[in-house]
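Written below as structure tokens is the structure these notes are about.
The values are calculated or read from the model by the stated rules, or taken from the named source; none is laboratory data. Because the structure is a prediction, the values reported are computed rather than measured. Virtual Cβ from ideal backbone geometry, glycine too; neighbours counted across all protein chains shown.
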Amino acid sequence: MNAQVQAAVPVHEHHRDDVGTKIGMWLFLFTELILFGGLFIVYAVYRFKHPAEFQLAAKELDTFVGTANTIILLTSSLTVAMSITSIQEGRKRLSMLLVALTILLALAFLVNKYFEWSHKFSLGLYPQSPELLNKPQGEILYFGLYYVMTGLHALHVIIGMIVLAFMVVFIARGTINQRSFVKLEAGGLYWHLVDIIWIFLFPLFYLLH
Amino acid sequence: MVKAESLVAPVEPDFYHAPTKHRGILAWILSTDHKRIGILYLITMLFFFFTAVALGVLMRLEMLTPGKTIVEPQTYNTFFTLHGIIMIFLFIIPGIPAVFGNFMLPLLIGAKDVFFPRLNLLSWWLFLTGGLLALVSVFLPGGPADTGWTFYVPYSIRTSTNVMPALFAAFILGFSSILTGLNFVTTIHRMRAPGMTWFRMPLFVWSLYATAWVQVLATPIIGITLLLVALERFFGIGIFDPAMGGDPVLYQHLFWIYSHPAVYIMILPGLGVVSEILPVFARRTIFGYKFIAFSSVAIALVGSLVWAHHMFTVGMSNTAMFIFSFLTFLVSIPSAIKVFNWIATLYKGSIALEVPLLFVLSMIVQFSIGGFTGLMLGALAINIHVTDTYFVVGHFHYVMFGGTGFALFGAIHYWFPKIFGRMFAKKPAVISWILVTIGFNALYFPFFVMGYMGMPRRYYDYLPQFQPYHIFATVGSWILVAGLLIMAINLIVAVRRGAPATANPWGGKTLEWTVSSPPPAENFHEIPVVTKGPYDYSEYEETPLEAT
């Protein structure tokens, strides 16, 4: 009976169209880029208005931690790219391992970020702190943008980790396999986006001083 | 010809009666069928539309006399804020694309569904969530937002009303809009039937395509901007607050970088509907197909670069003002191309004066008035004089309501037989058209006069010399509402008791009319092969006299 009902339900025939799926993913990535683009505009305008204060405030950031995080993220992009190559070669276990490694690297990034932020907090540099409010306006804006932009990026890292965790499950279940891996490619694209946004955040906040 | 084919085809239940995976209401709210999602949007959107209409009518009633008529000033502020937020984010932006785009796009291009059906359902759920959040903000302690739909800082950071829920509502609705746009672009690229080349697509599809790109590329800006205001309100982070060095004018730029292109998200699908309806009732191929198709793209493109004409009085360099004014004038060219091509399509056509065409004809006149006053506003000297007056309010209501709103009424009547499989009664529909057209113009035309004389927008009180115009407009609002109610009742009655509709009651030539009304769950048994352009009425054109 159940099988009969199932058969009567008009099934939209599953035509596979990986190109279309990737078009959709790229469009979504455009929207993410423009979302951060708005923040880059705000940054550009305020940096133009307060160049000296932005330079001074940037000295408070630890270039070493920033560089370490940059290396971590770049490596994680490599591992996710390698996982796609491995699934294409049919090496399921290796592919899962590489995605898991990507998640671990993302976690390392977040741990670093946590210590970095809490260090700033202990120095009294957080929104509405008396310490920060006493500083010139350009520095208040700099730290406001610092928290918003790196915070929003960290949120994307977390979302990316969740997406990648699903990828591990899909590979384990065989939904993603040697012949059908467009989901993993889409997940990988998202992870590269998280990476490339950081590539712009890093010099803007850590290196320009 | 078409009828003979449908007789041969095996009898098949329409999509209302075809078996579904879930039962009862779940068969609707969990359905990934684009037709069911289109109807979900229709119902929710109409609910929000009538809520905002009620607020508008109350506002007009308040303006009947100077000083207090029915409500306090603070209530009036929340009225125009809610009216704006609901009308813009919940009615006119999703209106035509989400309802008729969803229902018709796959049918028009010969596909079985949109490319991402599940994403499509998610868009509706986000739409519903955002809408409910906006409504909930009314009843939370603190009262509804009173910032106007523009959320200008620093007031939106400091007011104690419920700005946060309204901000998040707009954010979530933006997400819904992005997903719809993304879905449509992919669908149009990948799912056209064999032979459906770009220049054989119906013009409504072209307008949806241009709209979808604007939705994808402009909406993220409003997302991040509103998010920044929310973060600033919640954490006190200094971004826009001038007390901490922030720049409120920068907020306005970011706001309009989205919200001006959003105006084209609102109007482009309406223009597409007109291009769709006209050839059917003129029994003629559309005049200048490629010009209309490309003008949609041109409007989307140039329209994305004119945002600062909303800000001529807030402080900008003269060079910037000249450029933005010039670009604004430029948008009028593709818009006028459309209007001229529509008129040329009607010329020497065999016009069938059916209800959809009536609404479209009103739309063309009103859209032209709205467009022309838009040019006046784009001219720097006049703009300074009429900024923030009723002139501006009159202008955008002529474009948005007189244009898109009437196009939407036309679309409802045009596709009603296809969507519900029944015909509506013509006489009440014509009466509603007469009342809505008279009411609309009586309501908004005095705005131009008042505005030019200096009546500021959003003011609770006014000088006695403006009262005759306000009375005129308020009476107009009553006529308009009477017309809307007759239209709504007529259509609701028709859904239940209308005469069954044939597959092609209007004589349309596009693909949706080749399937039964309402369409079967899978749309097409076999994907059709397209061999001709969309408006092939050559049989009317080649035999001028002998035919009759």
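Couple of notes before you dig in:
- Taken as a whole, the condition of being touching a residue at least 24 places away in the same chain (Cβ under 8 Å), surrounded by 19 or more Cβ atoms within 10 Å (Cβ to Cβ) and within 14 Å of another protein chain (Cβ to nearest Cβ) does not apply to A:LEU164.
- Residue ranges of helices (runs of 4 or more DSSP H) in the stretch A:43-145 with at least 3 members buried (at least 19 other Cβ atoms within 10 Å of the Cβ) and within 14 Å of another protein chain (Cβ to nearest Cβ): A:51-58
- The residue list B:LEU254, B:LEU271, B:LEU278, B:LEU250 contains one member that is free of Cβ contacts under 8 Å to residues at least 12 places away in the same chain and in a helix (DSSP H, G or I), which is B:LEU250.
- Residues satisfying the criterion are present in the stretch B:468-479 (criterion: buried (at least 21 other Cβ atoms within 10 Å of the Cβ), more than 14 Å from every other protein chain (Cβ to nearest Cβ) and of a type in the set (Phe, Trp, Tyr)).
- Residue satisfying all of: in the stretch B:480-518; among the β-branched types (Val, Ile, Thr) and assigned to a helix (DSSP H, G or I); nearest to B:VAL205 (Cα to Cα) among these: B:THR514
- Count of the stretch B:228-257 residues which are under 25 Å from the mean Cα position of the chain (by Cα), more than 9 Å from chain A (Cβ to nearest Cβ) and β-branched (Val, Ile, Thr): 0
- Index of the failed condition, B:GLY238 passing every other in (1) part of a helix (DSSP H, G or I); (2) without any contact (Cβ under 8 Å) to a residue 40 or more places away in the chain: (1)
- Those helices (runs of 4 or more DSSP H) of the stretch B:373-453 in which at least 3 residues are more than 30 Å from B:ASN318 (Cβ to Cβ), considering only elements entirely within it, cover B:406-420, B:426-453.
- Subset of the stretch B:170-227 (residues that are among the polar types (S, T, N, Q) and within 12 Å of another protein chain (Cβ to nearest Cβ)): B:SER177, B:THR180, B:ASN183, B:THR186, B:THR187, B:GLN215, B:THR219, B:THR225
- Beta carbons closer than 6 Å, at least 6 apart along the sequence or on distinct chains, pair a first residue in the stretch B:12-34 that is closer than 14 Å to B:TRP124 by Cβ with a second that is part of a loop (DSSP other than H, G, I, E, B) and at pLDDT 90 or above for B:HIS34/B:ASP113; B:HIS34/B:VAL114.
- Count of residues meeting criterion [surrounded by 22 or more Cβ atoms within 10 Å (Cβ to Cβ) and over 21 Å from B:ILE337 (Cβ atoms)] in the stretch B:359-385: 1
- Conditions (1) touching a helix residue (DSSP H, G or I) at 6+ places or on another chain (Cβ under 7 Å); (2) assigned to a helix (DSSP H, G or I): number failed by B:ALA243: (1)
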